[in-house]
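Reviewing the structure listed below.
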There are 2 protein chains.
Amino acid sequence: MESPVGLRERKKAATRQAVHEATLRLTVEHGFDHVTVEAVADAAGISRRTFSNYFTNKEDALLYGEEQHIGALVQAVRDRPAEEPAWAALRAAMAQFAERMAPPEREWAIRTRLALRHPSLLARQLANHAALERDLADAVATRATPSGEPVRPFVLAAAFLASLRIAMRIWIEEDEARGPGAVIDEIMEEMGRRFT
Amino acid sequence: MESPVGLRERKKAATRQAVHEATLRLTVEHGFDHVTVEAVADAAGISRRTFSNYFTNKEDALLYGEEQHIGALVQAVRDRPAEEPAWAALRAAMAQFAERMAPPEREWAIRTRLALRHPSLLARQLANHAALERDLADAVATRATPSGEPVRPFVLAAAFLASLRIAMRIWIEEDEARGPGAVIDEIMEEMGRRFT
DNA sequence: TGCACAATGGGCAATTTTGCACATTGCGCA
DNA sequence: TGCGCAATGTGCAAAATTGCCCATTGTGCA
């Protein structure tokens, strides 16, 4: 499945991930402004200087995970069989993508959202989101849709991402003890009726 | 208490310790001859080449822990108050030395002893033991003893180490659920009556 | 208002780790 | 008995990490 990556690259990836996670954890715990690069470096077991070798600043380190997820999701869509209809491909990619990551905990999800709501991060997140929407539209552009107008892929991608956001919001707000995947399924199902 | 060691040195020490522990664990599990340097390096998360940067061979890596303990014990004796009598210093050093390391588990101790009983290790262990005896004798040479003949320090050190070996043997063989420290105390007490 | 100071970004050299090549050694098996 | 091969030790260059440096920026306090 994976290409035979050497020790060097594996360690680099592990360090990058560790730095990202340390940044996220400390930010959720203390707030973005109260976390220093030095504290992150300490938590990740590297020097402050080495932090700079991996990320140019805290924002990069913090959003790295999200950007990874975005890339992975887009790739998952691209990897779906070419003949699969657009909406089905999006849902299937989401499903196999979701099962690859640890099930998020409600409390943590809430705190993370709060932590990420920070001025110096918003612009970047907006841009990421736009890029994701564009890439998803790209990835399903050649697939079958109910009617098949040229503009449709963008609408599809937007609807898909909107469903995702809505599902997360509902999951966070509701009391039921079900995972986010279940809510996502529900909303996707509802939204999907309009696009299949 | 500790000198302000930098990140670099701390990491080096950690790696060296990790390599040693990986060597010990794999040796106990599979036997000295069935453990390759490569396997040790993998288990320690470093490359085979880096192993060579820390130890010249498996023997070194395996006996590193023991040699560390030896050094620590000798140092502990040296750190005792100068006016403390010889045997008391040895016992006190042993006590404070023992409480610094994790309480060994019987099964593990047995396996370790067996694993270390290997031709290519024996000579080195003998030498280490002799050195320890010499260093301990040195460390108590200036201290008060019951009669104070010049040769006495060597006898003292030998008796001390013999007590240690006997205590370990008894501890390994007996069924009682007490730690090795208790047995050591008992034997030291008995042996000590002849030297105080 | 201006200064002291912490945080940061990045240049640079020293040190460490890695990957690779090559020679040597010891052992099992044809 | 001799060959094939895995394991090992080591030289070397590339890459990564660290420590130390200094300039810049932002902030709180005198």
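Within segment A:133-190, the trypsin sites (Lys or Arg not before Pro) that combine a DSSP coil assignment with at most 15 other C-beta atoms in a 10 angstrom radius are A:R178.
How about segment B:108-167: which chymotrypsin sites (Phe, Trp or Tyr not before Pro) there are in a DSSP loop, with at most 16 other Cβ atoms within 10 Å of their Cβ? Display every interim value, and only then the final one.
Details: sites: B:W108, B:F154, B:F160; in loops: none.
Passing both the DSSP loop test and the Cβ count: no residue.
With the helix formula -39500 (n - 2.57) applied to DSSP H stretches of n ≥ 4, chain A reaches a computed 222 nm mean residue ellipticity of -24000 deg cm²/dmol. Copy-to-copy label distances for B:H129, where each label lies 7 Å from Cα along Cα-to-Cβ, are 7.2 nm in order of increasing length.
A DSSP coil position with no more than 13 other Cβ atoms inside 10 Å describes the following GluC sites (Glu not before Pro) in segment B:25-89: B:E83. Hey, any idea what % of segment B:1-56's accessible area is carbon plus sulfur with a 1.4 Å probe? The computed percentage sits at 49.
Here segment B:177-196 and segment A:123-196 have alpha carbon centers that stand 73 Å from each other.
Zone of A:R134 (label point 7 Å along Cα→Cβ, backbone N under 12 Å): which residues in segment A:42-78? Those under the cut-off are none; the list is empty. The charge dipole of chain B, taken about its Cα centre with unit charges on the Cβ atoms of Lys, Arg (+1), Asp and Glu (-1) only, comes to about 560 debye. At an R0 of 56 angstrom, the distance between the Cβ atoms of A:R10 and B:A144 translates into a FRET efficiency of 0.45.
Only lysines eight or more places from B:K58 in sequence, or on another chain, were considered; those with a Cα closer than 28 Å are A:K11, A:K12, B:K11, B:K12. The charge dipole of segment B:1-41, taken about its Cα centre with unit charges on the Cβ atoms of Lys, Arg (+1), Asp and Glu (-1) only, comes to about 280 debye. The slack between A:A158 and A:R106, meaning 0.36 nm per residue of separation minus the straight C-alpha distance, is 16.2 nm. Put a plus charge on the Cβ of each Lys and Arg, a minus charge on the Cβ of each Asp and Glu, and nothing anywhere else: the dipole of the protein assembly as shown about its Cα centre is then about 1060 debye. Total buried accessible area between A and B, probe 1.4 Å, nearest 100: 300 Å².
All other residues whose Cβ lies under 14 angstrom from that of B:A18 are scored, Lys and Arg at +1 and Asp and Glu at -1, for a net of +4. Excluding ligands, DNA and RNA, the accessible surface per residue across segment B:149-196 is 57 Å² with a 1.4 Å probe.
The values are calculated or read from the model by the stated rules, or taken from the named source; none is laboratory data. If you're wondering where the values come from, they're calculated on a predicted model, not measured in any experiment. Because the Cβ atoms are built from the backbone with ideal geometry, glycine has one as well, and the counts that use them run over all protein chains shown. Ligands, DNA and RNA are stripped out before the accessible areas are found, and what is left, the full protein with its side chains, is counted by its heavy atoms. Shrake-Rupley method; radii C 1.70, N 1.55, O 1.52, S 1.80 Å.
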